[in-house]
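Colleague: So that we are looking at the same thing, I have put the structure below in structure tokens.
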Amino acid sequence: MSRIGVLGGTFDPIHYGHLAAAEEARVALGLEQVLLVPARVSPLKLDQPLTPAHHRLAMTRLAAASNPHFAVSTVDLDREGPSYTVDTLSLLQAGLGPATELYFIMGTDSLAGLARWHDPARLIQLCRIVAVSRPADGYDPTALEQLVPGVTERVIHLRVPLLDIAAADLRQRVREGRPIRYYVPPAVMDYIYAHQLYHPRQSGGSTR
């Protein structure tokens, strides 16, 4: 049985917090590979504007390029509609076959709200959940178990170095001309400035 990690997100932009979690899970759990899956439309962010998918995909590929154990999947970008995780995992499992076990990597803060996700009961049957970092405020395993029976035995808690990086903050930094170096891989930073993402007048220079 092979083990494949899955890390999904809008990746707007992808940053070192994402990559550190993916690598820590890969090594700790002996995963053969981690798939980075950019979402077309996050069901939890329907009211938020997103950078066009081709830019987010390009940045994800640049971020993954330096790690031979990372790969990028376009399973969500290749289909219409919101990127429900349960559908993503179902499609990945169908493509990889029954000899592959999926490990879905997510933050503990996201785990706390799992009951609001689309079809959580089926989701936890499709994968093992890897909950990274310290338990977030509002996370109550007992309460979650009552809402999603069986979830507790499907969760692996993994402590990772806590990198307090948020994509929304990075977008704000670019708009305000503040640096994003050391928050994102150099190739991602260069792409953001070359394509003037997050600020129509951004041209680079001292903000790098």
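Colleague: Cα centroid distance between region 1-33 and region 93-130, in Å?
Modeller: Region 1-33 and region 93-130 have Cα centres separated by 13 Å.
Colleague: How far is it, in nm, from the label point at Ala99 to the one at Gln196 when both lie 7 Å from their Cα along the line to the Cβ?
Modeller: According to this spin-label approximation, the distance is 5.1 nm.
Colleague: Spelling out what I want: for every residue of region 184-196, take phi, set θ = phi - 60°, compute 6.51 cos²θ - 1.76 cosθ + 1.60 (Karplus), and round to whole Hz; glycine and proline get x.
Modeller: 10, x, x, 5, 5, 4, 4, 5, 4, 6, 5, 9, 6
Colleague: Kindly write out, for region 48-61 in residue order, the coupling ³J(HN,Hα) from the Karplus curve 6.51 cos²θ - 1.76 cosθ + 1.60 (θ = phi - 60°), rounded to whole Hz, with x marking Gly and Pro.
Modeller: Result, ordered by residue: 10, x, 10, 5, x, 4, 5, 6, 5, 5, 4, 5, 5, 5 Hz.
Colleague: Find out how many positive minus negative residues lie around Pro149, taking Lys and Arg as positive, Asp and Glu as negative, among other residues whose Cβ is under 14 Å from that of Pro149.
Modeller: Working: positive: Arg122, Arg154; negative: Asp119, Glu145, Glu153.
Taking every Cβ under 14 Å from that of Pro149, the sum is -1.
Colleague: Farthest toward the dipole's positive end in region 66-208, which of Val72, Tyr183, Leu144, given Cβ charges of +1 (Lys, Arg) and -1 (Asp, Glu) about the Cα centre?
Modeller: Going by the Cα projections, it comes out as Tyr183.
Colleague: If the chain between His157 and Glu80 were fully stretched, how many nm would it gain, using 0.36 nm times the residue separation less the Cα-Cα distance?
Modeller: Result: 24.5 nm gained on full extension.
Colleague: Scan (1) 52, 35, 33; (2) 47, 31, 26; (3) 45, 41, 37 for the value of Cα extents along the principal axes in Å calculated from this model and give just the label.
Modeller: Derived directly from the coordinates: (1).
Colleague: How long is the gain from Tyr16 to Arg122 if the chain were fully straight, where each residue apart is worth 0.36 nm and the alpha carbon distance is subtracted?
Modeller: Between Tyr16 and Arg122, full extension yields 35.1 nm more.
Colleague: Apply the Karplus parameterisation 6.51 cos²θ - 1.76 cosθ + 1.60, with θ equal to phi minus 60°, to every residue of region 139-155 and state each ³J(HN,Hα) to the nearest whole Hz, in sequence, with x for glycine and proline.
Modeller: Karplus values, whole Hz, x for Gly and Pro: 7, 10, x, 5, 5, 5, 4, 5, 7, 10, x, x, 5, 4, 6, 9, 9.
Colleague: So, one more: With angles folded into 0 to 90 degrees, how steeply does helix 16-29 sit against the dominant principal axis of the chain? Use alpha carbons for both and round to 10.
Modeller: In the chain, helix 16-29 runs at an angle near 30 degrees to the longest axis.
Colleague: For Leu31, enumerate residues with amide H under 5 Å from its amide H, sequence gap 5+ or separate chain, H modeled in the peptide plane.
Modeller: Answer set, sorted by chain and number: none.
Colleague: I've got another one for you. Taking a spot 7 Å from the Cα of Leu57 along the direction of its beta carbon, which residues of region 1-33 have an amide N less than 18 Å from it?
Modeller: 7-14
Colleague: Could you sort the peptides 168-179, 109-120 by per-residue average Cβ neighbour count (10 Å cutoff), highest mean leading?
Modeller: Top of the packing list down: 109-120, 168-179.
Colleague: Scan region 1-55 for GluC sites (Glu not before Pro) in coil per DSSP, keeping those whose Cβ has at most 13 other Cβ atoms within 10 Å, and list them by number. It would help to have the intermediate numbers written out before the result.
Modeller: On the way: sites: Glu23, Glu24, Glu32; in loops: Glu32.
Answer by residue number: Glu32.
No value in this document is a laboratory result; all are computed from the given coordinates. Keep in mind that what you see is a predicted model, and the values were worked out from it rather than measured. Methodologically, a virtual Cβ is constructed for each residue, glycine included, from the backbone with ideal geometry; neighbour enumeration extends over all protein chains shown.
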